[in-house]
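Have a look at the structure below before the remarks.
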Amino acid sequence: MNLVIDIGNTYTKIAVFKQDDLVFIKQYEAVDTGVIVELLDEFIISTSIISTVKKNGKEKWEELLDRNTCLLYFNAGMDKGINNRYLTPETLGTDRLAAVIGANYLYPGKDNLIISGGTAITYDRVDAEGNYFGGSISPGLNMRYKALNNYTAGLPLVTADDSFHANYGNDTTSAIVSGVQNGIKYELTGFIESYKTGENELNIVLSGGDSIFFDTLLKNSIFAPCIKIEPYLVLKGLNAAIHNNND
């Protein structure tokens, strides 16, 4: 079994895989080493992989995992399975790289457009031959709402409304909802359309915390039949990286 740890700025996600089957998943604001000890007691872990945006704190993980499992730190060099053409691979976010690896592993031989909705919205395409050239980054759903409140004198802080389906708002609150959510919908469809070239069918993979919300925005679009929802794509990509680099 593989232990997968994804350490972000705010949350840490921990998963256990038996081959490709996800048998445990949980998100933590702060991880105490006792959690890892419990998992090592409950599951027979052969390999652990850590992806982290933080530079400090590796010692506690190494002390615990290095003596109990084969410990790997996910990095740009672990991109086996794809042809990474990014000009500055060392600056590519590990979450984006893991998502690309995950999509290519789950849906091989397809043109995959990975749209991840979180703090930011990222768009990354890996083609049917496994070539990855890059992508796009734009502000996320909540960031857009907060920006309108922070950078104006009179606009209120509004939260996302998945029941809103109108083309425009008829008061200030609904106008903000329309601007943010319709703006994202038009952005999503615009990016999808721009990537939908050639004869190959484009496989659209939605991941991240806002993946279900984005699926709602796109449910009446012509692209709906091509959508796959993979909220744990990054974790699955890290697990795939273990398989790919052990082959």
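The values are calculated or read from the model by the stated rules, or taken from the named source; none is laboratory data. This one's a predicted model, so the numbers in the text were calculated from it and none came from an experiment. Using ideal geometry, Cβ is built from the backbone for each residue, glycine included, and neighbour counts are taken over all protein chains shown. Protein only, heavy atoms only, side chains kept; ligands, DNA and RNA dropped before computing areas. Shrake-Rupley method; radii C 1.70, N 1.55, O 1.52, S 1.80 Å.
Using only alpha carbons, build the gyration tensor for the range 159-247 and give me the equivalent ellipsoid semi-axes, biggest first, whole Å.
Numbers: eigenvalues 191, 59, 18 Å².
Sorted largest first and rounded, they come to 31, 17, 9 Å.
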Loop GluC sites (Glu not before Pro), the range 52-141 (other Cβ atoms within 10 Å of the site Cβ: 14 or fewer; DSSP): Glu129
Farthest toward positive dipole pole in the chain [+1 Lys/Arg, -1 Asp/Glu at C-beta], among Leu206, Ala153, Ile5: Ala153
For Val23, project a label point 7 Å along Cα to C-beta. Then give me every residue of the range 64-97 with its amide nitrogen under 18 Å of that point. 68-70
Sorted peptide list for 230-236, 28-34, criterion being average Cβ within 10 angstrom, highest first: 230-236, 28-34
Scaled to the compact-protein estimate 2.2 N^0.38 Å, what is the alpha-carbon radius of gyration of the range 37-142, rounded to two decimal places? 1.23
Can you tell me what share of the DSSP beta bridges in the chain is antiparallel? A percent to the nearest 5 is fine. 55 percent
For the range 114-186, what D do you get in µm² per second when you plug the Kirkwood radius from alpha-carbon pairs into Stokes-Einstein at 37 °C and 0.692 mPa s? 239 µm²/s
With +1 on the Cβ of every Lys and Arg and -1 on the Cβ of every Asp and Glu, and nothing else charged, how large is the dipole of the chain about its Cα centre, in debye rounded to the nearest 20? 380 debye
So what is the 222 nm mean residue ellipticity for the chain from helices alone, if each DSSP H run of at least 4 adds -39500 (n - 2.57) and you divide by all residues, rounding to the nearest 500 deg cm²/dmol? -10000 deg cm²/dmol
HN-Hα J couplings of the range 48-53 from phi, Karplus 6.51/-1.76/1.60, θ = phi - 60°, integer Hz, Gly and Pro as x? 10, 10, 10, 10, 9, 8
What does DSSP give for the range 1-115 in terms of the percent of beta bridges that are antiparallel, rounded to the nearest 5? 55 percent
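Please compute the per residue accessible area over the chain with all protein chains in place, 1.4 Å probe, rounded to a whole number of Å².
On the way: 12770 Å² over 247 residues.
About 52 Å² of surface per residue is accessible.
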Coordinate range along principal axes, alpha carbons of the chain, Å, largest first: 61, 45, 32
Going down the list Lys54/Lys146; Lys110/Lys219; Lys80/Lys236; Lys18/Lys236; Lys185/Lys236, which pairs span over 18 Å between their C-alpha atoms? Lys54/Lys146; Lys110/Lys219; Lys185/Lys236
Of all beta bridges DSSP finds with both residues in the range 71-156, what is the antiparallel percent, to the nearest 5? 85 percent
Taking all protein chains in place and a 1.4 Å probe, what share, in percent, of the accessible surface of the range 149-247 do carbon and sulfur account for? 49 percent
Based on Cβ point charges of +1 for Lys and Arg and -1 for Asp and Glu, what charge dipole magnitude is obtained for the range 1-99 about its Cα centre, in debye rounded to the nearest 20? 380 debye
Per residue convex hull volume, Cα only, the range 95-145, in Å³ is 58 Å³
